[in-house]
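**Q** Please find one structure pasted underneath; my questions will follow.
The values are calculated or read from the model by the stated rules, or taken from the named source; none is laboratory data. Because the structure is a prediction, the values reported are computed rather than measured. All Cβ positions, even for glycine, are placed from backbone atoms using ideal geometry, and neighbour counts span all protein chains on display.
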Amino acid sequence: MIDLKNNTWLLILGAGILALLAIVLPSMSSINIKYLDETTFTWISGLEMNLTDIGWITDENVIVIGVIGSIVIGILAFICISLAILTKAKDVKIPFKGYVWLGLGLIIFILPFIIPIIMVLVAEEATHVYYLRLPIDLFSLFLYSGGFMCILAGLEEIRR
């Protein structure tokens, strides 16, 4: 069994980095084999890029929810990275550290469920949300992994 006693901060740091990657990397790509110039990369914020141009999806409501979601994820990532650095570098005693990490992990873990549901509720057409969501995408994968890492670190801290 892996001893996480002195290394829980690494899990939190990894969770913060994965959350940042979920914002920075495209959440979905659509590859058109017949017309390669129609290959499209889409970010959760609604930004679309193909080989010829870059722009936004046409539904402003989905863009607003995506940008707000990206900002929330960025704030959570900053909190995770800051707490990891404070925990390791300064040996700062953060009160209820395990519960804070557990809460952060739960929030990060459920965001891939919440953001698409809100997008579907506010979208003018279902196709606008379809382009952002596939069964497996980088956005969900990174946030599930980061949330799980935070939850694991929080449970380890609570157990101590």
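**Q** Can you spot a residue in segment 103-114 that is modelled with pLDDT under 80, outside any loop (DSSP other than H, G, I, E, B) and either surrounded by 14 or more Cβ atoms within 10 Å (Cβ to Cβ) or out of contact with any Pro (no Cβ under 8 Å at 6 or more places or on another chain) (or both)?
**A** Looking for residues that are modelled with pLDDT under 80, outside any loop (DSSP other than H, G, I, E, B) and either surrounded by 14 or more Cβ atoms within 10 Å (Cβ to Cβ) or out of contact with any Pro (no Cβ under 8 Å at 6 or more places or on another chain) (or both), one finds none in segment 103-114, hence no.
**Q** Here's something else I'd like to know. If a residue has to be in a helix (DSSP H, G or I) and buried (at least 20 other Cβ atoms within 10 Å of the Cβ) to count, how many in segment 54-78 make the cut?
**A** 8
**Q** Restricting to segment 16-31, name every residue that is surrounded by 19 or more Cβ atoms within 10 Å (Cβ to Cβ), assigned to a helix (DSSP H, G or I) and modelled with pLDDT under 90.
**A** Correct list: Ala22, Ile23.
**Q** Pick from Ile54, Ile44, Ile68, Ile73: which is at pLDDT 80 or above, among the hydrophobic types (A, V, I, L, M, F, W, C) and farther than 24 Å from Gly146 by Cβ?
**A** Just one listed residue meets the conditions, Ile54.
**Q** Moving on to the next point. Residues that are at pLDDT 75 or above, closer than 28 Å to Asn6 by Cβ and assigned to a loop (DSSP other than H, G, I, E, B): does segment 131-151 have at least one?
**A** Among the residues of segment 131-151, not one is at pLDDT 75 or above, closer than 28 Å to Asn6 by Cβ and assigned to a loop (DSSP other than H, G, I, E, B), which makes the answer no.
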